[in-house]
1. I'd like the full set of residues that are touching a Leu at 6+ places or on another chain (Cβ under 7 Å) and buried (at least 21 other Cβ atoms within 10 Å of the Cβ), limited to segment 245-257.
2. Residues of segment 28-45 being out of contact with any Phe, Trp or Tyr (no Cβ under 8 Å at 6 or more places or on another chain) and surrounded by 14 or more Cβ atoms within 10 Å (Cβ to Cβ), which ones?
3. Considering each of Leu343, Leu316 in turn, give the residue that is in contact with a Leu (Cβ under 7 Å, 6 or more places away or on another chain) and over 30 Å from Gly189 (Cβ atoms).
4. Inside segment 363-419, can you point out the residues that are closer than 18 Å to Arg350 by Cα, of a type in the set (Asp, Glu) and surrounded by 14 or more Cβ atoms within 10 Å (Cβ to Cβ)?
5. Counting only residues that are modelled with pLDDT under 95 and closer than 12 Å to Pro74 by Cα, how many does segment 18-58 have?
6. Would you pick out the residues in segment 343-362 that are under 13 Å from Asp327 (Cβ atoms) and either without any contact (Cβ under 8 Å) to a residue 12 or more places away in the chain or in a helix (DSSP H, G or I) (or both)?
7. Here is a list of conditions, (1) under 22 Å from Met2 (Cβ atoms); (2) surrounded by 12 or more Cβ atoms within 10 Å (Cβ to Cβ), and Tyr50 meets all of them except one; can you say which number that is?
8. Which residue out of Thr262, Thr210 is closer than 17 Å to Gln300 by Cβ and touching a helix residue (DSSP H, G or I) at 6+ places or on another chain (Cβ under 9 Å)?
Amino acid sequence: MMTLAEVASVLNAPCTENFELHGVCIDSLQVKPGNLFIAIKGDRFDGHDYIKKAVDNGAVAVICEKQIEDVPVPQLLVKNTIDALAKVAEKHRLKFTCAVIALTGSNGKTTVKEMIASILPKPSYSTQGNYNNHIGAPLSVLNLNSEHRYAVFELGANHQGEIAHTVSIVKPKVTLINNIAPAHIEGFGSIDGVAIAKGEIHQGLAVGGTAVINDDDDYAHYWDSLLEGKNTVHFSVEEPKDVYTRDLTFTEDGRAQFLLVTPKGECNIALNVFGRHSVSNALAAASCAYALGISMSDIQAGLNAFGGVSGRMTRLVGKHGAVIIDDTYNANLKSVLSALDVLAKMKGRRVLVLGDMGELGDHTRSHHQKVGQAAKELGVDEVYTCGTDSKHASDTFGDAGQHFEDQEALISVLSKDLDSQTTILVKGSRSAAMEKVVHGLMDVNEAS
């Protein structure tokens, strides 16, 4: 970490004491002895209300916007604690020379991040959970230490400028935009607005670094002018590029096997995750690793060992032996269509359970209708929806579509008619909390 004097100097905050700090925390309940506590102010909370609790739990210093009485540790006063967090993280990042990958995208970025983490030679660091926004990213950077040889950071955004801010802290050697889709479109105004915001990641590319490009994406060349004169690596499932596939096949349950081709050589990959989109994610991860000079043997071992991410196309056992595909972490039109493609390839009865897709603005009705239409065209047998906007999907699907006002009613009806020949895909935006439906449909022994 840093000393208190170093932190005070970075923030230009008066301080007469000095000692070694051991980690940074913004949650008073998670504070460990020796931590620096930063009192973040949010829309529904104010960290200043928990400073005394943080100190009781072992915080040895505090960054705050107002002095709190009867606190027996140094308080560094700043105008904005979120800005202070960023400054401290950026200073910390400059201490280390490990090779860093930063990635973003509308779909699959957490899966790609975890694939990369599986590949990277140890010791390495990767973003934990969904710590990818203007608060989570700097907190992740503060976990770097001198032992880490590599690191991968996931950067998310719901408005312009957020990635420009976080990438300036991360300072990556390799950058990736996995794809562009109408996700969080309400905050960006249009899909072009999404592309502009995601493109900010390439602006933070280190001198001599490499941008990884998904040549199968409609926006693959949207950032060409931004990357003029920069190193690039292009990947494709569809055609030969720098990194690509040959002899792509799928097992009966939808897992891909292929020959991975790179300028450094070839290797056989057998993925343990479902769908064609997983092949693209694997190529993205392999391309980032290749750009850092990581060996083919490490790339092969990492991809073949990758077992998936909870809530992202995870196969579970449901009641009466039904198969549940849990893809509940989040949803937008493109990710639902990709998941439907997996469902459509399954044998037996195929059921889509869909919660609302959020943050779509003016596209809300049409995107839910497109899901219903796609499910019908792909031969899905039934569509169950829950929420408000998802009703447009079941209505568009037709007679075999049913809508429910609450999850309990949906679970009750669907649970009565499950067997080992049924596959259920459960999907919805984070706000829909469709993981509750997954839990309600699971075999009791598996759920426990």
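The values are calculated or read from the model by the stated rules, or taken from the named source; none is laboratory data. Everything numeric here is computed off the predicted structure, so don't read it as measured data. Cβ atoms come from the backbone with ideal geometry, glycine included; neighbour counts cover every protein chain shown.
1. Thr245, Ala256
2. Scanning segment 28-45 gives Gly34, Asn35, Leu36, Phe37, Ile38, Ile40, Lys41.
3. Details: Leu316 fails: in contact with a Leu (Cβ under 7 Å, 6 or more places away or on another chain).
The unique qualifying residue is Leu343.
4. Of everything in segment 363-419, those that are closer than 18 Å to Arg350 by Cα, of a type in the set (Asp, Glu) and surrounded by 14 or more Cβ atoms within 10 Å (Cβ to Cβ) turn out to be Asp381, Glu382, Asp395.
5. The total comes to 0.
6. Of everything in segment 343-362, just one residue is under 13 Å from Asp327 (Cβ atoms) and either without any contact (Cβ under 8 Å) to a residue 12 or more places away in the chain or in a helix (DSSP H, G or I) (or both), namely Leu343.
7. Only one criterion is unmet by Tyr50, namely (1).
8. None of the other options fit; the residue is Thr262.
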